[in-house]
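Structure record follows, encoded as structure tokens.
The values are calculated or read from the model by the stated rules, or taken from the named source; none is laboratory data. Being a predicted model, the structure only gives us computed values, none of them experimental. Please note: Cβ atoms are built from the backbone with ideal geometry, for glycine as well, and neighbour counts cover all protein chains shown.
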Amino acid sequence: MTDDRLAILKGALDVLILKALSWGPMHGYAVSYWIRNVTDEALELQEGVLYPALHRLERKGWIDSEWGTSENNRRAKYYSLTKLGRKQLQLELSTWERFASAVGKVVSATDKPDWLLNR
């Protein structure tokens, strides 16, 4: 996989996690569950992807964590957005809205461009 593609995938993962945490502190399973539910099960983050991403976002200072007790009365690490993370989320959302709009234009295009008409 190219570095550019990895950057896009990490960017997508970052915005998904940051958006999930914008609703309040969550443990890792809850983040994954929220993303799966809101996407009608189209996206599912496996542990091997989710937890390294959470740790990476924590190192960047975009999220904090603290230990607590889950709904099942189990010990769980809860993640929450930092002030810096909220700012980053806004930047990420703006970037993804532009990206989604551009991709939407490409996939919904119905006319052949003028410069290709003679080919």
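For this structure, a couple of remarks:
- Meets criteria (at pLDDT below 95, of a type outside the set (Asp, Glu) and under 17 Å from the mean Cα position of the chain (by Cα)) for Leu6: yes
- Selection from region 71-119 of residues that are in contact with an Asp or Glu (Cβ under 9 Å, 6 or more places away or on another chain), touching a residue at least 60 places away in the same chain (Cβ under 8 Å) and of a type in the set (S, T, N, Q): Gln88
- When the residues of region 80-102 are filtered to those that are basic (Lys, Arg) and under 15 Å from Pro25 (Cα atoms), the one that is surrounded by the fewest Cβ atoms within 10 Å (Cβ to Cβ) is Lys83.
- Checking region 9-18 against the condition returns a match, with at least one residue being in contact with a strand residue (DSSP E or B) (Cβ under 9 Å, 6 or more places away or on another chain) and not aromatic (Phe, Trp, Tyr).
- Unique residue being of a type in the set (Val, Ile, Thr) and touching a Lys or Arg at 6+ places or on another chain (Cβ under 8 Å) when the list is Thr69, Thr82: Thr69
- There is no residue in region 74-82 that is part of a helix (DSSP H, G or I) and in contact with a helix residue (DSSP H, G or I) (Cβ under 8 Å, 6 or more places away or on another chain).
- Matching residues, region 26-47, being of a type in the set (A, V, I, L, M), in a helix (DSSP H, G or I) and surrounded by fewer than 14 Cβ atoms within 10 Å (Cβ to Cβ): Val38
- Looking only at region 103-119, residues that are outside any loop (DSSP other than H, G, I, E, B) and either at pLDDT below 90 or surrounded by 10 or more Cβ atoms within 10 Å (Cβ to Cβ) (or both) come to 5 in all.
- Residue that is nearest to Gly28 (Cα to Cα), among those in region 48-73 that are of a type in the set (Lys, Arg) and assigned to a helix (DSSP H, G or I): Arg56
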